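The values are calculated or read from the model by the stated rules, or taken from the named source; none is laboratory data. Predicted, not measured: the structure shown is a model, and the values here were computed from it. Here Cβ is always computed from backbone atoms with ideal geometry, including for glycine, and neighbour counts include all displayed protein chains. Surface accessibility is based on the protein's heavy atoms, side chains included, excluding ligands, DNA and RNA. Shrake-Rupley method; radii C 1.70, N 1.55, O 1.52, S 1.80 Å.
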Amino acid sequence: MKAAPRRRVSMGDVAATAGVSAQTVSRVVNGSPRVDPATRARVEQAMASLGYQVNRTARALRTGRFHTIGVVVATLATVGNSRMLQAIADAAAADGYALTLVTAGAPAAVADSFTRLHDQGVDGAIVLNEATALARGVALPEGLALVVVDSPADDRYSVVQTDHAAGARAAVAHLLERGHRTVWHIAGPADSYAAAERERGWREALASAGVDAPPVLRGTWTAASGFDAAGELPGDATALFVANDQMALGALRALAEQGRDVPGDVAVVGFDDVVDAADYRPPLTTVRQDFDALGAAAVRALVAAIDGSPASGTALVPTLVVRASS
């Protein structure tokens, strides 16, 4: 005989188990402050023991919110985008929000992504890194709260970013302090805001030291492009700042194949501090971005925007991590 489908646990079931009213359970589910801590803990324990799941659709009809955040990203192939997505997912889950992810590789696709997210009833959206350049100039759906990661200031949305220029200045100052006459740079893609800011910081640090900037070498964030760019490094170059750790990995291989010792012949500094940076050969000196803090700041800014707060800007200062490569 076929078993009867399991009945969904109701607020009434939770109320009976916890010894409170259904209204109290509703207040706990909706995060109301009008519940004392001991009662809240008893209700949450009952919810966990019974396997109670919040009916998001019903709650959305009552509150006007789906507790869902949209994330727009151009690609997940880069380490920075993947780490930011993970950080946002962790921060959103901690705040009780689910994620809806869309990818977009062109301005028209970004506009379509905003429309689709709005139609799906998300409470707001976060745009990541390379997708921010595509989002600028795109009309936003009425009522869609928005936070952009890595972008110039814009009064239509809040911006959260690492202070890339400050990180680059710290990297270049570190190399100059070790007696290098100048510092070469492998930059990221020309259309990337983060890459442009890191290049700006590199130029500013050299200018402050009275040093002319060498020609920029350019990659595409990948290790292979870093390998190719490092092949253009002249023989008298002794210091190299690379715009991300993946390209720095390729540069280290290129220098090794050229028979140039790191750091004896060329000192190398990267940017990001990816998980494996300490295990490069040699361990990579790099500028550490706090992706967890960035993700938390982005979610916090979006929740504030959903609540009606005006657009704001947040810039987190990265830290230099010195290892054997410099």
(request) Counting only GluC sites (Glu not before Pro) that are in a DSSP loop and have at most 15 other C-beta atoms within 10 Å, tell me the longest site-free stretch of the chain. (result) 1-141
(request) With both partners inside the chain, how many of the DSSP beta bridges are antiparallel, as a percent to the nearest 5? (result) 10
(request) Report the paramagnetic label zone for Ala190: residues of the stretch 210-225 whose backbone N is under 14 Å from a point 7 Å from Cα along the Cα-to-Cβ axis. (result) 216-220
(message) Probe of 1.4 angstrom, ligands and nucleic acids ignored: what's the accessible area per residue over the chain, in square angstrom?
(response) 46
(message) Can you tell me, using C-alpha contacts under 8 Å and at least 6 residues apart, the relative contact order of the chain as a whole percent?
(response) 16
(message) Just to be sure I understand the rule: take each whole DSSP H helix in the chain, project its Cα atoms onto its long axis, keep it if the span is 15 Å or more and its mean Kyte-Doolittle hydropathy is at least 0.5. Which ones pass?
(response) 79-94, 164-177, 291-306
(message) Which residue, Leu140, Ala209, Gly12, has the largest displacement toward the positive end of the dipole of the chain when charges sit on each Cβ (Lys, Arg +1; Asp, Glu -1)?
(response) Gly12
(request) Return the FRET efficiency for the residue pair Ala315, Arg181: r is the Cβ-Cβ distance, R0 is 41 Å, and the value is rounded to the nearest 0.05. (result) 0.85
(request) Consider just the alpha-carbon atoms of the stretch 156-210 and return their Rg together with their Dmax, both in angstrom. (result) 12.5, 45
(request) Taking the Cα centre of the chain as origin, work out the dipole magnitude from +1 charges on Lys and Arg Cβ and -1 charges on Asp and Glu Cβ, in debye rounded to 20. (result) 1560
(message) Per 0.36 nm of contour for each residue apart, how much would the distance between Asp265 and Arg8 grow if the chain were fully extended, relative to their Cα-Cα spacing?
(response) 85.7 nm
(message) Given 4 °C and 1.567 mPa s, compute D for the chain with the Stokes-Einstein relation, Rh being the Kirkwood radius over Cα pairs; round to the nearest whole µm²/s.
(response) 59
(message) Given a 1.4 angstrom probe, I'd like the percentage of the accessible area of the chain that is carbon and sulfur, rounded to a whole number.
(response) 52
